[in-house]
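K.L.:
Sharing a structure, written as structure tokens. Questions coming.
The values are calculated or read from the model by the stated rules, or taken from the named source; none is laboratory data. The model shown is predicted, which means the values in this text are computed figures rather than measured ones. Cβ atoms come from the backbone with ideal geometry, glycine included; neighbour counts cover every protein chain shown.
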Amino acid sequence: MPTLQFELVHRETGCRVIAGVDEAGRGPLAGPVVAGAVVLPEGFAHAWLDDSKKLSHLQREELYAELTVCPGLRWAMGLATVEEVDRYNILRATHMAMRRAVTALGDPGPDMVLIDGLPVREFGWPQQAVVKGDTLSLSIAAASIIAKVERDRMMMALDAVFPHFCFSSHKGYGTAAHLAALQTHGPTPHHRRSFQPVAQLTLDFGGEAFS
């Protein structure tokens with residue numbers, strides 16, 4: 001279970017505002033990549049807050065509701081659009097979303113940012129990259145919940161616009177049902193043209209599908 005071990009180490013060096021950052025949506029064929037940023041209040045504790053991937057949809061929604069009204073907790077989200085994913089590549093777009101999430105926290109900005117995974121180049125704030133950080137740091141785990149719930153809600157909203165794709169069930173990931181819908185209907189404007197097999201289907205459909 002994640003703890004405050006990383007946060008406490010940085011507090012001992014004088015850091016007061018420590019943000020956790022995580023993303024959701026690097027792998028899907030459709031939709032934006034979304035990052036969450038969370039600053040936990042000192043002494044924060046939770047009995048079952050964990051990496052969003054280990055929790056059910058209902059558990060994530062419950063945690064999101066708790067976190068977003070928790071006294072003293074600051075949170076924000078940032079995203080990079082499908083167009084930015086295609087223009088800059090998924091890694092750069094993910095870093096853009098992370099920077100936007102931290103910026104959206106407002107003042108005072110973080111003295112240290114704990115990032116799930118690898119370091120972010122030209123980030124703008126002091127950072128510590130933590131591999132599998134969403135299973136180790138409570139701040140990162142909380143950010144993973146924010147990012148996942150925000151993105152899932154966006155994909156569920158798209159489901160109402162493109163019901164044939166059933167975005168609410170797979171959230172844009174390349175499931176068999178999603179791939180079958182792509183073959184039948186062609187890509188929507190929310191599909192990542194730089195990702196296979198969407199790139200090939202875009203050529204096959206002449207770029208006109210759902211335009």
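K.L.:
Any idea how many residues of segment 35-64 are aliphatic (A, V, I, L, M) and over 17 Å from the mean Cα position of the chain (by Cα)?
P.N.:
Summing the residues that are aliphatic (A, V, I, L, M) and over 17 Å from the mean Cα position of the chain (by Cα) in segment 35-64 gives 4.
K.L.:
Any chance segment 117-124 includes a residue that's free of Cβ contacts under 8 Å to residues at least 60 places away in the same chain and basic (Lys, Arg)?
P.N.:
Yes, because at least one residue in segment 117-124 is free of Cβ contacts under 8 Å to residues at least 60 places away in the same chain and basic (Lys, Arg).
K.L.:
Restricting to segment 10-41, count the residues that are touching a residue at least 24 places away in the same chain (Cβ under 8 Å) and either outside the structural domain of Arg92 (by TED's automatic domain parsing) or in a loop (DSSP other than H, G, I, E, B) (or both).
P.N.:
Looking only at that region, the number is 13.
K.L.:
Assess whether Gln200 counts as being part of a helix (DSSP H, G or I), over 19 Å from the mean Cα position of the chain (by Cα) and farther than 30 Å from Ala104 by Cβ.
P.N.:
Answer is yes for this residue.
K.L.:
Does Leu136 satisfy being under 30 Å from Trp48 (Cα atoms) and either not assigned by TED's automatic domain parsing to the domain that holds Leu67 or not β-branched (Val, Ile, Thr) (or both)?
P.N.:
Yes, satisfied.
K.L.:
While we're here: Any residue at all in segment 113-121 that's in a helix (DSSP H, G or I), surrounded by 15 or more Cβ atoms within 10 Å (Cβ to Cβ), hydrophobic (A, V, I, L, M, F, W, C) and out of contact with any Pro (no Cβ under 9 Å at 6 or more places or on another chain)?
P.N.:
No, segment 113-121 has no match at all.
K.L.:
Where residues in segment 122-148 are part of a loop (DSSP other than H, G, I, E, B) and among the charged types (D, E, K, R), which of them is farthest from Leu4 (Cα to Cα)?
P.N.:
So the first thing to find is which residues in segment 122-148 are part of a loop (DSSP other than H, G, I, E, B), and the list is 122-126, 131-132, 136.
Still in the running and among the charged types (D, E, K, R): 122, 132.
Values: Glu122: 26, Lys132: 14 Å.
Restricting to residues being part of a loop (DSSP other than H, G, I, E, B) and among the charged types (D, E, K, R), the top hit is Glu122.
K.L.:
Please go through segment 159-171 and give me each residue that is crowded, with 19+ Cβ neighbours inside 10 Å and part of a helix (DSSP H, G or I), ordered by number.
P.N.:
Result: Phe165, Phe167, His170.
K.L.:
Does Leu73 fit the bill of being in the same structural domain as Met154 (by TED's automatic domain parsing) and under 22 Å from Leu136 (Cβ atoms)?
P.N.:
Yes; evaluated as a whole, the condition is true for this residue.
K.L.:
Quick check on segment 175-186. Is at least one of its residues assigned to a helix (DSSP H, G or I) and either within 21 Å of Ala35 (Cβ to Cβ) or touching a Pro at 6+ places or on another chain (Cβ under 6 Å) (or both)?
P.N.:
no
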